[in-house]
Every structure is written in structure tokens, then in C-alpha cells.
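Reading through the C-alpha cells given below for one structure.
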Amino acid sequence: MSEITVSCPSCTARLKLPDASLVGKRARCPRCSERFVVQPPASSDASTAARSAAAAFEESEELPVLPAAPMQGQAARWVPDDAPAAAPVPAPSAQPAPAPLMPVVPQIDLSVAPGAEDGGAGTSTVERFAGRRRRKGKSSATWVSLAVTGLLVLAVTTYFWLEQRGGRNDVAGNVPAKNPGWEQEKQQEADSNVAAEQLSPTDGKPVSLSHIPFTPHLICHLHPADLWSSNAQMSEFRALLGDVGLWLENFIQTRTRYTPQEISELTIAVNFGPRMTEPDLALVVRLDERQTIRDLERRFGGRMRPDLNSEAAVYEAADAAFLLVDEQTFVAASLTLAESLADYSGVAALASPDMEALIQQSDRDRHFSLIFDREIIDSHREDVFQETLLPAADRILFWFGGEVESVCWSMHLDPDCYMEFLMHNSSDSTPRKVQRNLLAQLDQLPEDILGMVRMMRPGTLGTRQMIGRFPAMVQALRMGTTAHVAPGMARLVTVLPQNAAANLAAASVLTWNQSLVTDFEAEMPVASGLGKEIPDKLEDRLRMKVLVIFNRTPLQEALGYIAESIGTELVLDGDGLKLAGFTQNMAQTLELGEVTALEGLDGIMQRYAKEGDPLVLVVDEQKKQLIVTVKSKAAADGLQVYDTASK
């Protein structure tokens with residue numbers, strides 16, 4: 001049979017059927033989904049086909065037409081022809097549906113229709129299917145992209161929300177775990193630093209940089225009237241300084257035109273310019289009493305510099321320039337700074353970043369303060385030190401190490417000798433690291449000095465004895481020094497009795513002077529006269545002289561120092577101390593000076609003589625060993641107690 005063409009009675013769409021056997025069956029338009037009965041086409045032989053189909057209609061069921069309801073944009077479009085639509089036929093009466101037959105799928109025109117070039121209704125089934133697959137792939141990729149973007153936005157939004165809530169774990173109530181040991185260590189460091197600050201005998205403001213006409217690289221601040229007073233302690237201290245004290249007194253009087261006794265406060269500032277050039281020098285002088293303008297001008301010995309652009313009074317002398325601030329304050333500077341003095345009248349100089357933190361922590365009420373940039377001093381050491389002083393200066397600068405950028409050393413001599421070192425660390429280090437390194441160097445310092453002293457050959461017996469005791473004094477200095485960690489810097493604090501400060505100053509000056517004439521490259525003398533011969537018997541060793549000056553020194557360190565000084569091993573019985581409630585860190589404050597080792601040990605024992613179970617000393621000649629324990633433990637171990645008091 002040849003194919004026939006029928007029209008949808010609703011939308012007039014043209015449907016092509018394979019043959020006339022489908023006439024009379026119920027069909028559904030793929031375009032508008034209208035259900036209708038297939039009518040024969042309007043032709044001469046259509047009536048015959050209609051009659052043959054009418055007989056089969058009663059036994060037929062509704063004809064399924066595929067696709068039943070195409071999705072918009074995915075199924076082919078049916079393009080209607082120009083032929084007029086057939087008249088609709090009334091629906092037959094309802095009858096029971098027979099058993100379903102094999103559905104007949106109407107043949108759809110697969111020829112190219114208008115719009116096929118851009119995926120319209122004229123596109124073939126294969127092409128439409130391929131296009132649907134491509135569109136499905138694009139749709140899946142789009143959804144994946146949207147999902148990833150949404151997750152990223154959600155993650156960023158959640159992160160910032162949690163940050164505002166105080167942390168990513170706050171929502172779940174899980175606070176990040178803390179390290180109790182680390183927190184405790186930091187708290188102990190903070191408490192230790194606060195305790196060290198409270199040891200300071202002064203509580204003054206930071207050293208002032210007012211009227212200094214440049215950025216200082218070295219600052220020396222002192223109170224000459226106090227240091228050069230008639231006080232017995234100060235007089236002894238100045239005498240022990242020897243040539244250093246005489247040089248400083250002459251320098252002050254030459255530069256300021258006033259004696260140290262007339263100056264209440266003096267600030268010396270130095271700026272190092274290009275290498276091998278003379279540095280700039282300025283001294284801010286605050287007199288003890290007010291002076292008249294005429295007396296000040298007479299002391300300056302120069303004429304006032306005419307300057308129409310400034311009201312500052314600047315005087316020029318043959319060797320210096322002076323800025324008169326008021327009747328009690330003036331500035332003495334290098335002659336080349338005369339013009340700059342007028343600009344800096346009443347203005348404070350800007351400190352370098354490496355020194356600013358130390359200046360803010362300084363105390364202008366202390367007798368002496370020295371603040372300097374270590375790196376700049378190191379690069380200009382030829383300009384700072386004489387040629388004979390360079391080896392010793394290099395040792396000092398090297399001792400601080402490259403981890404220290406700037407140093408503030410201050411000292412106060414009343415009532416005790418108080419010294420403080422503040423060291424600002426470099427960018428590649430930390431205050432805690434500087435503290436640990438300095439402690440290690442302090443522990444090694446007495447041995448290093450002992451090695452230097454053994455190379456020296458002083459000319460007089462008194463100098464030889466004083467230099468010979470210098471390593472022991474340094475050891476006592478180490479025992480009285482504590483190290484702390486402060487914000488942005490490391491802190492060393494030393495507290496010594498008055499006589500210890502005087503002896504240490506004298507030994508330091510003598511050792512320094514002797515180091516200038518000592519050839520440290522030569523072979524060590526076989527017998528220098530400075531070393532101690534260690535006797536064989538312990539009782540003879542206990543009669544050897546040691547310097548006993550302890551200031552809150554732990555018990556184990558104090559006993560270790562005495563034993564080391566006489567070349568003998570000492571055992572501190574920790575278990576025995578626990579029985580009596582003692583600890584190895586009990587602070588020892590004892591000022592005996594130079595005494596025998598036995599007297600030093602007895603001084604420690606007497607502090608606990610009235611306890612229920614006192615400390616005792618055991619001398620083991622066979623093992624060449626000293627043992628410090630408690631009385632009950634010595635009796636239990638069958639040890640003979642050595643009577644330190646009677647001997």
C-alpha cells in the first residue's frame with residue numbers, strides 16, 4: 001500500500017501514514033497531543049478505504065503515536081502542509097477494549113524541513129540524538145562548574161564567619177589545645193623579668209636625646225657630681241679606676257670647661273660618619289647650679305655666632321662650639337656642628353631603630369650608662385680605639401656575637417653595685433636565643449680569662465696578686481648574674497656587694513692594662529707565678545684562698561664554685577637534702593671576701609646549723625672527694641662528719 005497523508009483536526013498538522021490500514025483508528029497528534037480518529041484522505045478511492053477500515057475500528061484500540069509528547073526544544077517540529085484539514089468524525093460509542101495488538105508506529109517524515117540547519121524540526125533523528133548528547137554533556141559540565149563554585153563560596157563564607165566567632169573550632173566548641181609546659185615557661189620568663197626590674201635601685205626616666213644635633217651611634221650618660229664626690233665609697237672606686245678615671249676627668253673638663261664636681265648630669269653622644277673620618281661629638285651638660293650668662297660666656301671663651309634666622313645663642317671657640325640652652329644647660333660640640341646646633345635647639349635627636357628600644361628602657365638616674373650600636377662600632381673600631389686597644393676591643397665585640405645589634409650597659413654604685421646589660425637581638429635571632437648564648441659565654445668567661453692571665457707577666461707582686469685573683473672575681477660575678485628574657489631584648493642583672501665592685505674594678509683595670517703589653521701569640525710560660533699548685537691532701541686544699549661573695553646564688557652553684565677553686569670534686573647529696581626538706585637551689589647570700597675554702601663552706605653550713613637535721617661536710621681522703629649531706633643521712637651511711645667550725 002502506498003502512504004497516505006492526513007491532517008490533525010486541532011492544529012491542522014500534516015501526518016504521513018504508511019498505508020490506509022490505519023484509517024479509522026484513534027491516534028494522537030505528536031504536535032498538539034490532540035486525540036482524533038484517522039479519516040481517509042479526500043480522494044476518489046478514499047470511500048472504499050474508509051469502509052474497509054470502519055469494520056476493523058470496532059476491534060481496534062487507541063493507536064499509540066510516538067513520540068507521544070515531545071519535550072520542547074528536543075523533538076522534531078511538524079511543519080503542516082498547505083492542504084485543507086479533513087472534517088472531524090464523531091467518536092464511536094465506547095466498547096470494551098480488545099486485547100492489545102502490536103502498536104503501529106506512524107512513519108514520520110525524515111526529510112529536511114525549514115530550520116534544519118540550526119537544529120530545528122527538519123533535523124534528522126540521528127542528528128537530533130547526537131545534538132541531545134552534546135547538550136547533555138554541556139549541561140553536566142555546567143552543573144559541575146556551578147557546584148564547585150558554590151562550594152568555594154560556601155567555604156570562604158564559613159571561614160570568615162568562623163573567624164568573626166573567634167576561631168574555626170569555636171562553632172563546635174573545640175578551643176585549640178594549649179601546651180601547658182610552654183605557657184608555664186612563658187609565664188615564668190615574664191615573672192622573672194618583672195622580678196629583675198624590681199631589683200633596680202633607681203626608677204628614672206629614659207636617657208634624653210634633647211639638643212643632640214645628629215643621630216647618635218654611641219651614648220654615654222653619667223652623673224659626674226656623684227661619681228666625683230668626697231664619699232669614701234666613690235673615692236675608693238675612682239682610685240681603683242687608675243688611669244681610666246684620670247683620663248675621663250681630664251676629658252670632661254677639657255670639653256665642657258667645667259669640673260666633674262660641677263656637673264650634675266652629662267650626656268656624651270657620638271655619630272660615626274664615613275670610615276677613616278673624625279666622628280661628630282656632642283656633650284649635653286646640665287650643671288649642678290645655675291650660672292650667669294656672663295660666667296657661661298667666659299667659660300666658653302668664644303664669641304657669639306651671628307645668625308639672623310635663629311634666636312639660639314651659639315658660641316664659637318677655637319676648638320668647640322657651644323649652644324646655650326638656659327642658665328643651667330648647654331651643649332658642647334665639634335666646631336663643624338656650629339650651624340647645626342642652632343637648628344637642634346630644644347629638639348630631641350632621632351635614635352636609630354636598633355637603639356630606640358634600649359634607650360626607652362634606659363634609666364637616666366643611674367650613675368653610668370653606655371648605649372651603642374654594636375655593628376657600627378665594629379665597623380668603625382679603628383676610629384674608636386687606639387691601635388694598641390684593637391685586639392682587646394675585637395675580643396669584647398666578638399663576645400657579644402653577631403646576634404646582638406645594640407647594647408645598653410648601666411651601673412649604679414649605691415647601696416650595692418648594680419649592673420644591667422640590655423641586648424637587642426638582630427632580625428635573624430630572638431631574645432631567648434641571645435639569653436641562652438650569653439649564659440653559655442658567661443660560664444666560659446672565667447676559664448677564658450684564666451687562660452689570658454696565665455700569659456701575663458706583671459712587674460710587681462701586688463699587681464700579680466690582683467690579676468691572679470681576677471678569674472675568681474669573674475667567677476663570682478657570674479655567680480651573682482641572672483639572665484632574663486624581656487620584650488624585644490635579653491637582660492642580664494648583676495648585684496654585688498660594695499667591696500666586690502671596688503675589687504672587681506681594680507682587677508679589671510690592671511688586667512686590661514697588662515693585656516696591652518702581653519704577647520698572646522707567644523708560648524705560655526712554664527711557671528707564670530699566677531697558677532695555684534693543688535696540694536695532695538684535702539685538708540691542705542681546704543686552706544686555699546677563695547673569693548666568697550654570693551648574692552642569691554643557688555646552693556649547688558656556690559658549693560661548686562668553692563670546690564672548683566681548690567681543684568676538688570664535691571658531691572651534693574640530693575636525696576639526703578630531701579629528707580630534711582632542703583633543695584639544691586636554696587639561695588645563698590654571703591659576703592666573706594677572700595677567705596679559705598673551709599671558711600666559705602662553714603659560712604654556708606652555719607646558716608642551717610639550727611635546723612633539726614643540719615647540713616654537714618664529709619671529707620673523703622681516699623676518694624679525694626668532698627660530700628655535703630645532712631647529719632642523719634651521714635650517720636645512716638656510716639660517714640665521718642668533718643667539723644668545719646673548730647678547724
Fill in: Residues (in a loop (DSSP other than H, G, I, E, B) and either closer than 15 Å to residue 270 by Cα or not charged (D, E, K, R) (or both)) located in the range 311-338
312, 317, 318, 320, 328, 334
Discussion item. Going through 432, 364, 395, 436 one at a time, which residue ends up being more than 30 Å from residue 306 (Cα to Cα), of a type in the set (Lys, Arg), assigned to a helix (DSSP H, G or I) and over 20 Å from the mean Cα position of the chain (by Cα)?
Written reply: 395
Discussion item. Under 7 Å between Cβ atoms, which residue pairs at least 6 apart in sequence (or on different chains) link something in the range 622-638 that is more than 18 Å from residue 602 (Cα to Cα) with a partner that is charged (D, E, K, R) and part of a loop (DSSP other than H, G, I, E, B)?
Written reply: 632/613; 633/573
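Condition check: in contact (Cβ under 8 Å) with a residue 12 or more places away in the chain and under 19 Å from residue 500 (Cβ atoms). Does residue 551 satisfy that?
Working: in contact (Cβ under 8 Å) with a residue 12 or more places away in the chain: yes; under 19 Å from residue 500 (Cβ atoms): yes.
Criteria met by residue 551.
Going through 382, 339, 356 one at a time, which residue ends up being surrounded by fewer than 19 Cβ atoms within 10 Å (Cβ to Cβ) and within 25 Å of the chain's Cα centre (by Cα)?
On the way: 382 fails: within 25 Å of the chain's Cα centre (by Cα); 339 fails: within 25 Å of the chain's Cα centre (by Cα).
Answer to the check: 356.
Among the listed residues 379, 410, 369, 362, which satisfies the condition of being of a type in the set (Ser, Thr, Tyr) and over 29 Å from residue 550 (Cα atoms)?
On the way: 410 fails: over 29 Å from residue 550 (Cα atoms); 369 fails: over 29 Å from residue 550 (Cα atoms); 362 fails: over 29 Å from residue 550 (Cα atoms).
Residue meeting the stated conditions: 379.
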Discussion item. Yes or no: the range 629-638 includes at least one residue that is in a strand (DSSP E or B) and either in the same structural domain as residue 558 (by TED's automatic domain parsing) or more than 22 Å from residue 543 (Cβ to Cβ) (or both).
Written reply: yes
Discussion item. So, in the range 412-436, exactly how many residues are of a type in the set (S, T, N, Q) and surrounded by 19 or more Cβ atoms within 10 Å (Cβ to Cβ)?
Written reply: 2
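Just checking, which of 589, 583 is without any contact (Cβ under 8 Å) to a residue 60 or more places away in the chain and in a strand (DSSP E or B)?
On the way: 583 fails: in a strand (DSSP E or B).
Result of the check over 589, 583: 589.
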Worksheet item: Where residues in the range 620-633 are under 50 Å from the mean Cα position of the chain (by Cα) and not charged (D, E, K, R), which of them is surrounded by the most Cβ atoms within 10 Å (Cβ to Cβ)?
Response: 629
Worksheet, complete the sentence: Considering the range 169-206, residues that are among the small types (Gly, Ala, Ser) and in a loop (DSSP other than H, G, I, E, B), and then whichever is modelled with the lowest pLDDT, we arrive at 172
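The values are calculated or read from the model by the stated rules, or taken from the named source; none is laboratory data. Because the structure is predicted, anything quoted here is derived from the model rather than measured. All Cβ positions, glycine included, derive from the backbone under ideal geometry; neighbour counts span all protein chains shown.
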